[in-house]
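**Q** Handing you a structure now.
The values are calculated or read from the model by the stated rules, or taken from the named source; none is laboratory data. In this text, all values refer to a predicted model and were calculated from it rather than measured experimentally. Methodologically, a virtual Cβ is constructed for each residue, glycine included, from the backbone with ideal geometry; neighbour enumeration extends over all protein chains shown.
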Amino acid sequence: MPIPSLRLPAATSLALAATLAGAASAQPAGPPADPGANPPAREGAAPEPFDPFDGVDPDGRIPRIELPDDLPNPERWRYIPEGRLKPGNPIQRLFVSSFVAPFFFRDTDVGIGGGLAFTDIDFREQRRREFAGIFLSYTTEGQQNYSMVWRRWLHHRELPEGGVLQEERSRLHVFGGYSRTLTRRFFGFGAGSDEDDESSYSDEVFHLEGSVELALPELGGDWVARVGARGELHRLGSGSVSGEPDTERAYPGVFRRARNHDLGWLEAGLRWDTRDSQILPYDGWMLGAGVEGALLQTGGDVGMLWRLEGQRLIPLPGLLHSGGDPDEEHPPTDSLALGAHLVASAGELPFFAQPSLGGAFTHRGYIAGRFRDDAAGYAVVEWRFWVLPRGIPIPFTRALRIERVGLAPFYEIGTVANDVPRLFSARARHSYGIGLRATLERLAPFRVDVGFSEEGVEVTARFGLSF
């Protein structure tokens, strides 16, 4: 699993437009404020009517504001204008900061799916410090997914002229749910596995996890520490992929050890991170290391995953735009993104928990989990450029709009092996493609990636970037 952020299932990830919330809690240096209270009333006793364009231009541009002098690392804080902070209960805020909406997605692994999302990006009326959501979905391949998520951002500053500032690096996160997937695939181990090695199994999962991330040594600092824990209960059975054998028959020893397997994980990570955003960065470096330990397992086994990763973001001149202006909170910026990671396992883990490539986040031209082994190495380059720098309005709404739309051609290379040194001699696998990018705001990038490989074409859709 990645160190900086949690990767959610397709249904939850798509519905998680809540990421556009990005909010917070504890106050930084400066005048104290009650985390649970509404902001002080502006001059004049009577509350003003809600204006969705308070701090927002009609074309969606958010003018840059003067930041407080005592704000540590001011480039690491996000401004949320008053026009996106409607007061009231979820019904009163419906389609401003609370939503009930259908959603749709596609993954070759599970088919075409749809469901219903209940999201509140200002949960408990905390001035967008908290987000909560419930997601229900079903797919054409019979996958069921029911999940709940809650997040609280830990550093927050009210502005006397209206709006809030939030530091996106420090947060609490809780996520749990149930899913039943009938069409998981396993191709055996190693980068040399063939398409003809495909087998199918079902996986019924109950899971609950929690984590905290903190910027160090000060608010918005260059170092980010993460600790967390999660529990997983897996019940494997016969698969439903037409024409493919059950994994239980094709790989009986591997399947038997994983059939009814429960895992209790502890994780910790530390990264040096100079990127200008944790969610949609345009500039900076990230170097990180982390460990996940399955210290509690069925049968008493113990296993671990070790991870090293890095990113480099390079801002580029605009290809189809002028780059906005210096007085804009989030000007359109093209960038070249490079990423790499190395994951290695130790001890005993069920096959579905071992390092893998393929799916929505690595080797997007291959099906999810296409390659597995004790170690995986991966590198990617992606050119992200905006085509519609001012976006388009969303029909039938007064102020909602897609902030901007862009494209992102990418190339990926990687491999797996039974230990790290053998990665350098294992067969390299390649994937390439192009992605559509759209944002509701900087904290809510959405993507549709079309990936190509020697085994065909894969299409994935997610909120959040792949790296």
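**Q** Report the residue count in the stretch 258-267 for those that are touching a residue at least 40 places away in the same chain (Cβ under 8 Å) and in contact with a helix residue (DSSP H, G or I) (Cβ under 8 Å, 6 or more places away or on another chain).
**A** 3
**Q** May I pose another question? So which of 309, 248, 267, 292 ends up being among the acidic types (Asp, Glu), crowded, with 17+ Cβ neighbours inside 10 Å and either assigned to a helix (DSSP H, G or I) or at positive phi (or both)?
**A** Working: 309 fails: either assigned to a helix (DSSP H, G or I) or at positive phi (or both); 267 fails: either assigned to a helix (DSSP H, G or I) or at positive phi (or both); 292 fails: either assigned to a helix (DSSP H, G or I) or at positive phi (or both).
So the residue among 309, 248, 267, 292 that is among the acidic types (Asp, Glu), crowded, with 17+ Cβ neighbours inside 10 Å and either assigned to a helix (DSSP H, G or I) or at positive phi (or both) is 248.
**Q** Can you tell me which residue within the stretch 385-418, out of those that are more than 22 Å from residue 323 (Cβ to Cβ) and at pLDDT below 85, is surrounded by the most Cβ atoms within 10 Å (Cβ to Cβ)?
**A** The extreme case among them is 399.
**Q** Now for a separate question. When only residues in the stretch 361-384 that are farther than 20 Å from residue 290 by Cβ and of a type in the set (A, V, I, L, M, F, W, C) count, which is surrounded by the most Cβ atoms within 10 Å (Cβ to Cβ)? Full working, then the answer.
**A** Step one: of the stretch 361-384, the residues farther than 20 Å from residue 290 by Cβ are 363-371, 381-384.
With of a type in the set (A, V, I, L, M, F, W, C) added as a condition, the list becomes 367-368, 371, 381, 383.
Working: 367: 20, 368: 22, 371: 26, 381: 16, 383: 16.
Among those that are farther than 20 Å from residue 290 by Cβ and of a type in the set (A, V, I, L, M, F, W, C), it is 371.
**Q** Next question, about the same structure. Return only the number of the condition from (1) assigned to a loop (DSSP other than H, G, I, E, B); (2) surrounded by fewer than 21 Cβ atoms within 10 Å (Cβ to Cβ); (3) in contact with a Pro (Cβ under 7 Å, 6 or more places away or on another chain) that residue 160 does not satisfy.
**A** Going through the list (1) assigned to a loop (DSSP other than H, G, I, E, B); (2) surrounded by fewer than 21 Cβ atoms within 10 Å (Cβ to Cβ); (3) in contact with a Pro (Cβ under 7 Å, 6 or more places away or on another chain), residue 160 breaks only (3).
**Q** Which residues, taken from the stretch 338-365, are at negative phi and part of a loop (DSSP other than H, G, I, E, B)? Give the steps one after another, and end with the answer.
**A** Just the residues of the stretch 338-365 that are at negative phi, to begin with: 338-346, 348-357, 360-362, 364-365.
348, 349, 350, 354, 355, 360, 361, 362, 364, 365 - these are the residues of the stretch 338-365 that are at negative phi and part of a loop (DSSP other than H, G, I, E, B).
**Q** Moving on. Going through the stretch 85-115 one residue at a time, which ones are among the aliphatic types (A, V, I, L, M), exposed (fewer than 15 other Cβ atoms within 10 Å of the Cβ) and touching a residue at least 12 places away in the same chain (Cβ under 8 Å)? Walk me through it before giving the result.
**A** Here is the first cut: in the stretch 85-115, the ones among the aliphatic types (A, V, I, L, M) are 85, 91, 94, 96, 100-101, 110, 112.
Next, from what is left, pick out any that are exposed (fewer than 15 other Cβ atoms within 10 Å of the Cβ): 91, 94, 100-101, 112.
If the condition is that a residue be among the aliphatic types (A, V, I, L, M), exposed (fewer than 15 other Cβ atoms within 10 Å of the Cβ) and touching a residue at least 12 places away in the same chain (Cβ under 8 Å), then 100, 101, 112 are the ones that fit.
**Q** On to the next question. If you check residue 335 against the conditions, is it in a strand (DSSP E or B), farther than 22 Å from residue 187 by Cα and touching a Leu at 6+ places or on another chain (Cβ under 8 Å)? Let's see the steps before the verdict.
**A** Numbers: in a strand (DSSP E or B): yes; farther than 22 Å from residue 187 by Cα: yes; touching a Leu at 6+ places or on another chain (Cβ under 8 Å): yes.
Judged against the criteria, residue 335 is a match.
**Q** Moving on to the next point. Confirm whether residue 278 is of a type in the set (S, T, N, Q) and not in a loop (DSSP other than H, G, I, E, B). Break it down stepwise before answering.
**A** Working: of a type in the set (S, T, N, Q): yes; not in a loop (DSSP other than H, G, I, E, B): no.
So residue 278 does not fit the description; no.
**Q** Would you confirm, using the coordinates I've provided, whether residue 204 is out of contact with any Ser or Thr (no Cβ under 6 Å at 6 or more places or on another chain), at negative phi and either in a strand (DSSP E or B) or hydrophobic (A, V, I, L, M, F, W, C) (or both)? Even if it seems obvious, please write down each step before you answer.
**A** On the way: out of contact with any Ser or Thr (no Cβ under 6 Å at 6 or more places or on another chain): yes; at negative phi: yes; either in a strand (DSSP E or B) or hydrophobic (A, V, I, L, M, F, W, C) (or both): yes.
Yes.
**Q** While we're on this one: Among the residues of the stretch 322-329, is any modelled with pLDDT under 95 and surrounded by 17 or more Cβ atoms within 10 Å (Cβ to Cβ)?
**A** As a first pass, look at the stretch 322-329 and keep what is modelled with pLDDT under 95: 322-329.
Then drop every residue that is not surrounded by 17 or more Cβ atoms within 10 Å (Cβ to Cβ), which leaves 324, 329.
Checked against the condition, which is being modelled with pLDDT under 95 and surrounded by 17 or more Cβ atoms within 10 Å (Cβ to Cβ), the stretch 322-329 yields at least one hit.
**Q** Looking only at the stretch 372-388, decide whether some residue is within 27 Å of residue 440 (Cβ to Cβ) and not in a strand (DSSP E or B). Spell out the reasoning first.
**A** Within the stretch 372-388, the subset within 27 Å of residue 440 (Cβ to Cβ) is 380-388.
Cutting the leftovers down to not in a strand (DSSP E or B) gives us none.
Among the residues of the stretch 372-388, not one is within 27 Å of residue 440 (Cβ to Cβ) and not in a strand (DSSP E or B), which makes the answer no.
**Q** Now for a different question. Could you grab me the full set of residues in the stretch 211-224 that are buried (at least 16 other Cβ atoms within 10 Å of the Cβ), out of contact with any Ser or Thr (no Cβ under 7 Å at 6 or more places or on another chain) and assigned to a strand (DSSP E or B)?
**A** So in the stretch 211-224, the residues buried (at least 16 other Cβ atoms within 10 Å of the Cβ) come out as 211, 213-215, 219-222, 224.
After this cut, where a residue has to be out of contact with any Ser or Thr (no Cβ under 7 Å at 6 or more places or on another chain) as well, the list is 211, 219-221, 224.
Hits for the stretch 211-224 are 211, 224.
**Q** Moving to a separate point now. Do we find that residue 143 is crowded, with 21+ Cβ neighbours inside 10 Å and touching a residue at least 60 places away in the same chain (Cβ under 8 Å) in this structure?
**A** Taking the combined requirement at face value, the residue does not satisfy it.
**Q** Let me confirm something: among 231, 237, which residue is touching a helix residue (DSSP H, G or I) at 6+ places or on another chain (Cβ under 9 Å), modelled with pLDDT of 95 or more and in a strand (DSSP E or B)? Spell out the reasoning first.
**A** Values: 231 fails: touching a helix residue (DSSP H, G or I) at 6+ places or on another chain (Cβ under 9 Å).
After applying the criteria, what remains is 237.
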